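Okay, so here's the structure we're looking at.
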Amino acid sequence: MDNFKKKVLNLILIIALSINLTSCQKLFMKEYKYDGYASCDNEYYCKNYSSSFHTPNDFIPLVGPAGTMGGSWGDSGGEQVIGDGFNEVPKDLRMHYYSETEDKFYEGTFDLPSEEIEKMLQEESTHPDNQGKTFKDTQSGRTLKYMKYDKIIASVSLGGEVTVWMRGMEGQKLIATYFAKEVLNVDWSSNFYNSREENMEFNMDKGFSERIKQEIKTKTLPYKLWQTFKEKYKWRYKIEGNHGEKLTEVDIKMINAEEERLYSNNPVLNNDPYAPRAIPYNFQLDWQESSGQKYKSWMILREDIKYYLEEYKSLLIEEKNPQDFLEEEIFKVFSSLDKDKPIDIIFRVNGSNKELKVIVKQENKEIPLTKITVRVFKID
């Protein structure tokens, strides 16, 4: 066999070995059940033109091509669920989008905290009804364990800010913040159907709210707003009453789109430790007296009743993290406190358990919240 034939055979052998090695590597790569989502603030519109989570061997597209991102900031928004929903742990996030309110394109590739994400994808459900149990997954057709997290969300906001959360039926946790860079050489016509000028004219005529239009005209868009939402204080919650009240379930939503859900089987439910958290705006509490009588409370730490009605009387929540939250009593109270000292949020029930007051306490200073909406229900 001459040298040329030997070289060709060696080359074929190397290629075959390489293909087999790649196939074996992919075969043994661990996959998890989760889907990827993209969204933006529902008042500051953005259009996606090429965004995706990337794994070692594949990618997960976020929103369809030239799709307007939906939802609220931190919500799942427009979704692009592909295949059976089983994916390797994502290694990086690539965001390419057009910010309509700014009339700017942003792009960025960001390394994700893959080890942290993998640990969270391995966490099993702690819900008493689901813990240790399985269900039939309609997307994949497999029988799966109930897990704590099954979504990864990327939300964009003004100035190229990109925020990533892990989400599931039992809460949501912010895991990373990045900043994409403005790009100037994106071809509009290859990504969108109407012209850039027509798009902006429509938004300024019918699309944007009057407040957004004014912010654009006066160049006062709130670029720092979402960073303000992410500021954290060291606080805890507790219930106080005269009949041996003990919490049996707590659901806390915070202005940075994080959410905590704790159930009766959680040892910290009635002994919440001080922890860095963003300012809360929604609590749902279940508690029980020593007699066994049970109660439930729904509360919105906002003055306008419409937020309570949207949360509990409608399937559609139009304003999850609205800009005017900065004007709410709870935000002003927290902003007035010392960030370096712990804070207690006290749920104080009256003797008959028919009313509940919310008090913010730091050291000897107690501030009752009066501009909020609270409802208490007796559970038979």
Classified through the alpha carbon gyration tensor (a ≥ b ≥ c as square roots of its eigenvalues; rounded if a/c is under 1.5, else prolate when a/b is larger than b/c, else oblate), the stretch 170-224 comes out oblate
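Do any chymotrypsin sites (Phe, Trp or Tyr not before Pro) in the stretch 114-217 lie in a loop, going by DSSP, with at most 15 other beta-carbon atoms within 10 Å of their beta carbon, and if so which?
Values: sites: Phe135, Tyr146, Tyr149, Trp165, Tyr178, Phe179, Trp188, Phe192, Tyr193, Phe202, Phe208; in loops: Tyr146, Tyr149, Trp188, Phe192, Tyr193, Phe208.
Those that pass, being in a loop and sparsely packed, are Trp188, Tyr193.
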For Lys151 and Gln214, extending 7 Å from Cα along the Cα-Cβ vector and measuring point to point gives, in nm, a value of 3.3
Note to self: with every protein chain in place and a 1.4 Å probe, the chain gives an accessible area per residue in Å² of 52
Among His127, Leu112, Ala154, the residue whose Cα sits farthest towards the positive end of the charge dipole of the stretch 103-162 (+1 at Cβ of Lys and Arg, -1 at Cβ of Asp and Glu, taken about the Cα centre) is His127
Everything considered on the Cα gyration tensor (a ≥ b ≥ c; rounded for a/c under 1.5, else prolate if a/b is larger than b/c, else oblate), the chain must be described as oblate
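Find how much the distance from Thr126 to Met29 grows on full extension, using 0.36 nm per residue of separation minus their present alpha carbon separation; answer in nm with one decimal. Please list the in-between numbers first.
Values: separation 97, 0.36 × 97 = 34.92 nm, distance 2.64 nm.
Gain on stretching Thr126 to Met29: 32.3 nm.
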For Thr143, the net charge from surrounding residues (Cβ-Cβ under 12 Å; K, R +1; D, E -1) works out to +4
Taking alpha-carbon centroids only, the stretch 127-144 lies from the stretch 201-221 a number of Å equal to 46
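State the percentage of accessible surface on the stretch 145-304 attributable to carbon and sulfur atoms; use a 1.4 Å probe and exclude ligands, DNA and RNA. Please list the in-between numbers first.
Working: 3640 of 7630 Å².
Carbon-and-sulfur percentage of accessible area, whole number: 48.
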With Arg261 itself left out, Lys, Arg at +1 and Asp, Glu at -1 over residues whose Cβ is under 12 Å from its Cβ give -3
Expected vector for the stretch 276-282, Karplus 3J(HN,Hα) from phi with 6.51, -1.76, 1.60 and θ = phi - 60°, integer Hz, x for Gly and Pro, equals x, 9, 6, 5, x, 9, 8
Ordered by number, the GluC sites (Glu not before Pro) in the stretch 320-380 that occupy a DSSP loop and have at most 13 other Cβ atoms within 10 Å are Glu355, Glu363
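Can you give the net charge of the other residues whose Cβ lies under 12 Å from the Cβ of Thr68, counting K and R as +1 and D and E as -1? Please list the in-between numbers first.
Details: positive: Lys47; negative: Glu100.
In short, 0.
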Shape call for the stretch 136-273, from the Cα gyration tensor axes a ≥ b ≥ c (a/c under 1.5 means rounded, otherwise prolate when a/b beats b/c, else oblate), comes out prolate
Of all DSSP beta bridges having both residues in the chain, the percent classed as antiparallel (nearest 5) is 85
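Using DSSP to call loops (not H, G, I, E or B), can you name the trypsin sites (Lys or Arg not before Pro) in the stretch 214-264 whose Cβ has at most 13 other Cβ atoms within 10 angstrom? Can you show the working numbers first?
Working: sites: Lys217, Lys219, Lys224, Lys230, Lys232, Lys234, Arg236, Lys238, Lys246, Lys253, Arg261; in loops: Lys219, Lys224, Lys230, Lys232.
For trypsin sites (Lys or Arg not before Pro) across the stretch 214-264 that sit outside H, G, I, E and B with at most 13 neighbouring Cβ atoms in 10 Å, the list reads Lys219, Lys224.
The values are calculated or read from the model by the stated rules, or taken from the named source; none is laboratory data. Quick caveat, the model's predicted, so the values are computed rather than measured. Positions of Cβ are generated from backbone atoms using ideal geometry, with glycine treated the same way; all protein chains shown enter the neighbour counts. Areas reflect the complete protein model, heavy atoms only, side chains present, ligands, DNA and RNA absent. Shrake-Rupley method; radii C 1.70, N 1.55, O 1.52, S 1.80 Å.
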